[in-house]
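K.L.:
The following block contains the structure, expressed as structure tokens.
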Amino acid sequence: MEGIDDSVLMALFDRLQVRYTTQLPKDPITSYDLYAAGLAGTPDSKQKKKKLLAALDLPEFLSTSALLAYLNSRMQRDEFLNYVDTI
């Protein structure tokens with residue numbers, strides 16, 4: 001649930017005896033991956049990021065941290081690297 005701290009949700013689930021699992025990406029996409037792909041910190045990164053956001057049907061002014069959170073919830077690092085090469 002967006003905007004609710006994980007610890008609050010887990011405490012609520014525990015109290016209600018809801019079964020859940022937590023799963024972190026094994027090899028998460030990082031801000032360095034965005035930099036290496038030319039999507040952050042480079043002279044033309046703004047245009048490349050805008051193109052990626054459009055390809056993913058995401059808001060044009062999505063922050064880098066929100067983009068990372070989205071990418072890590074939708075794909076693995078190797079999938080991201082392959083996807084970036086196609087756009």
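The values are calculated or read from the model by the stated rules, or taken from the named source; none is laboratory data. No experiment lies behind these values; they were computed from the predicted model shown. Note that we place each Cβ from the backbone using ideal geometry, even for glycine, and neighbour counts take in every protein chain shown.
K.L.:
Since Asn82 meets every condition but one in (1) touching a helix residue (DSSP H, G or I) at 6+ places or on another chain (Cβ under 7 Å); (2) of a type outside the set (A, V, I, L, M); (3) part of a helix (DSSP H, G or I), which condition does it not meet?
P.N.:
Looking at each condition in turn, Asn82 falls short on (1).
K.L.:
Just to be sure, is Ile4 assigned to a loop (DSSP other than H, G, I, E, B) and in contact (Cβ under 8 Å) with a residue 12 or more places away in the chain? If you could, list the steps in order and put the result at the bottom.
P.N.:
Details: assigned to a loop (DSSP other than H, G, I, E, B): yes; in contact (Cβ under 8 Å) with a residue 12 or more places away in the chain: no.
No; evaluated as a whole, the condition is false for this residue.
Residue-wise test of (1) outside any helix (DSSP H, G or I); (2) of a type outside the set (Gly, Ala, Ser).
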| position | (1), (2) |
| --- | --- |
| Pro28 | yes, yes |
| Leu52 | no, yes |
| Ser65 | no, no |
| Asp78 | no, yes |
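K.L.:
Of the conditions (1) assigned to a loop (DSSP other than H, G, I, E, B); (2) among the polar types (S, T, N, Q); (3) buried (at least 16 other Cβ atoms within 10 Å of the Cβ), Asn72 satisfies every one except a single condition; which number is it?
P.N.:
Against the list (1) assigned to a loop (DSSP other than H, G, I, E, B); (2) among the polar types (S, T, N, Q); (3) buried (at least 16 other Cβ atoms within 10 Å of the Cβ), Asn72 comes up short only on (1).
K.L.:
Kindly establish whether Thr42 is in contact with a Phe, Trp or Tyr (Cβ under 8 Å, 6 or more places away or on another chain) and on the phi < 0 side of the Ramachandran plot. I'd like the intermediate steps shown before the answer.
P.N.:
Working: in contact with a Phe, Trp or Tyr (Cβ under 8 Å, 6 or more places away or on another chain): yes; on the phi < 0 side of the Ramachandran plot: yes.
So Thr42 passes the test.
K.L.:
Select from segment 43-87 the residues that are of a type in the set (Val, Ile, Thr) and in contact (Cβ under 8 Å) with a residue 24 or more places away in the chain and write down the one among them that is nearest to Gly3 (Cα to Cα). Spell out the reasoning first.
P.N.:
At the first step, the residues of segment 43-87 found to be of a type in the set (Val, Ile, Thr) are 64, 84, 86-87.
Applying the additional criterion that residues be in contact (Cβ under 8 Å) with a residue 24 or more places away in the chain yields 64, 84, 87.
Working: Thr64: 17, Val84: 28, Ile87: 31 Å.
So, considering only residues that are of a type in the set (Val, Ile, Thr) and in contact (Cβ under 8 Å) with a residue 24 or more places away in the chain, the one nearest to Gly3 (Cα to Cα) is Thr64.
K.L.:
When the residues of segment 9-57 are filtered to those that are closer than 17 Å to Asp78 by Cβ and of a type in the set (Asp, Glu), which remaining residue is surrounded by the most Cβ atoms within 10 Å (Cβ to Cβ)?
P.N.:
Asp33
K.L.:
Something else: Of the residues Ala66, Ala55, which is under 13 Å from the mean Cα position of the chain (by Cα) and at pLDDT 90 or above? So that I can check it myself, show each step before the final result.
P.N.:
Numbers: Ala55 fails: under 13 Å from the mean Cα position of the chain (by Cα).
Being under 13 Å from the mean Cα position of the chain (by Cα) and at pLDDT 90 or above holds for just one of Ala66, Ala55, which is Ala66.
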